[in-house]
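K.L.:
Handing you this structure, nothing more for now.
Rule-based calculations on the coordinates, nothing more; no lab input. Since the structure is predicted, the reported quantities are computational estimates derived from the model, not experimental observations. With ideal geometry, Cβ positions are generated from the backbone for all residues, glycine too; neighbour counts draw on all protein chains shown.
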Ligand code: AMP
Ligand code: MN
Ligand code: MN
Ligand code: MN
């Protein structure tokens, strides 16, 4: 089985990279990409664990990007992790995350929720790249919300009061960065952007293709399974290869286990063709 979208503790996942690899192996994964948010920190450990577990490893990343006012996630597969421009982009993103964490903390302060960032650091003492997911867990721990979804709906989601817009790289620059680092750019979980109009999707896919994007995440553990059919139609329309990934972070969220995403629909070309990897 193939899983080209997973997270470790290097970003907002629960497992150390080597433990993620072991878990993936237990669930029958034979080709695995680690795609942490805006960081390459977990790659070396995952690569070594994959070697020991006889899994084909694809070094990856999930870049946060801006397209107009929308934050779009672009997965880079098969990137050169020694590429200087990519390493610098990760340093820049880490700085943005540090600044944003302080601003999110201040928003919560003004909402009467004190010192939430301190709570994040108590709960996640090793955290380097603070994510909204960490704030959601801190809210859950304090009993302010009943689950992470409520934390996003009431506080952290795009239209919620603790949402802080962030100066991520432009979509086209991120796609070009991945290309220059020898990688393949994949537009992640398209149906999570929740555009009202098909025209907005069309404009997004055109921008992505014009920037050099090569694949669309057709099957994702973070979209409901029915979405794969729509995504497959888009992949064909825009001449994009199809990627497949669980978006696994921890048991049950959003995918219960690695490689739990639905199978790719017939009639699409799997991105593994571009990577010269087996397709199942
Ligand atoms: P960030 O990159 O810090 O903006 O945080 C985004 C992360 O929060 C995503 O990668 C998901 O792991 C998580 N996330 C985003 N939206 C939701 C949601 N509605 N429910 C649960 N987790 C979410
Ligand atoms: Mn995440
Ligand atoms: Mn994502
Ligand atoms: Mn992800």
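K.L.:
At R0 = 25 Å, how high is the FRET efficiency between residue 251 and residue 94 if r is their beta carbon distance? Nearest 0.05 is fine.
P.N.:
Given R0 = 25 Å and the Cβ-Cβ separation, E is 0.40.
K.L.:
If you don't mind, there's one more thing I want to ask. Over the alpha carbons of the range 175-258, what is the largest minus smallest coordinate on each principal axis, giving the biggest first in Å?
P.N.:
Computed over the Cα atoms, the extents are 36, 33, 19 Å.
K.L.:
Please give the helix 84-110 orientation as an angle from the longest Cα principal axis of the chain, in degrees from 0 to 90, rounded to the nearest 10.
P.N.:
30 degrees
K.L.:
Could you work out how far apart the two model spin labels at residue 197 and residue 269 are, taking each label as a point 7 Å from the Cα in the direction of the beta carbon, and quote it in nm?
P.N.:
Rounded to a tenth, the inter-label distance reads 3.2 nm.
K.L.:
Same structure again: Which value in Å is the Kirkwood Rh of the chain over different Cα pairs?
P.N.:
18.9 Å is the Kirkwood radius here.
K.L.:
So, one more: Please report, largest first and rounded to whole Å, the three semi-axes of the ellipsoid equivalent to the range 72-200, where each semi-axis is the square root of five times an eigenvalue of the C-alpha gyration tensor.
P.N.:
29, 19, 12
K.L.:
Ranking 158, 81 by Cβ neighbours within 10 Å, fewest first, what do you get?
P.N.:
Fewest-to-most Cβ neighbours within 10 Å comes out as 158, 81.
K.L.:
Give the angle, between 0 and 90 degrees and rounded to the nearest 10, that separates the Cα long axis of helix 43-52 from the longest principal axis of the Cα atoms of the chain.
P.N.:
Roughly 50 degrees between the two axes.
K.L.:
Same structure, new question: On a 0 to 90° scale, report how tilted helix 132-142 is relative to the longest principal axis of the chain, with both axes built from alpha carbons and the result rounded to the nearest 10.
P.N.:
For 132-142 against the chain, the angle is about 40 degrees.
K.L.:
Could you tell me how far the Cα centroid of the range 177-234 sits from the Cα centroid of the range 101-144, in Å?
P.N.:
Rounded to whole Å, the Cα centres lie 30 Å apart.
K.L.:
Okay, which of the range 33-48 sit inside 18 Å, backbone N to the point 7 Å along the Cα-Cβ direction of residue 140?
P.N.:
Once the point is set 7 Å along Cα→Cβ of residue 140, 37 turn out to lie under 18 Å by backbone N, inside the range 33-48.
K.L.:
At a threshold of 8 angstrom on Cα-Cα distance, excluding pairs fewer than six apart, so keeping six or more, what relative contact order does the chain reach in percent?
P.N.:
Here the relative contact order equals 20 percent.
K.L.:
Using per-residue counts of other Cβ atoms within 10 Å, averaged over each peptide, order 58-69, 241-252, 142-153 from highest down.
P.N.:
241-252, 58-69, 142-153
K.L.:
Going by a ≥ b ≥ c, the root eigenvalues of the Cα gyration tensor, does the range 138-278 fall in the rounded group (a/c under 1.5), the prolate group (a/b larger than b/c) or the oblate group?
P.N.:
Prolate is the answer for the range 138-278, as a/c is 1.5 or above and a/b outweighs b/c.
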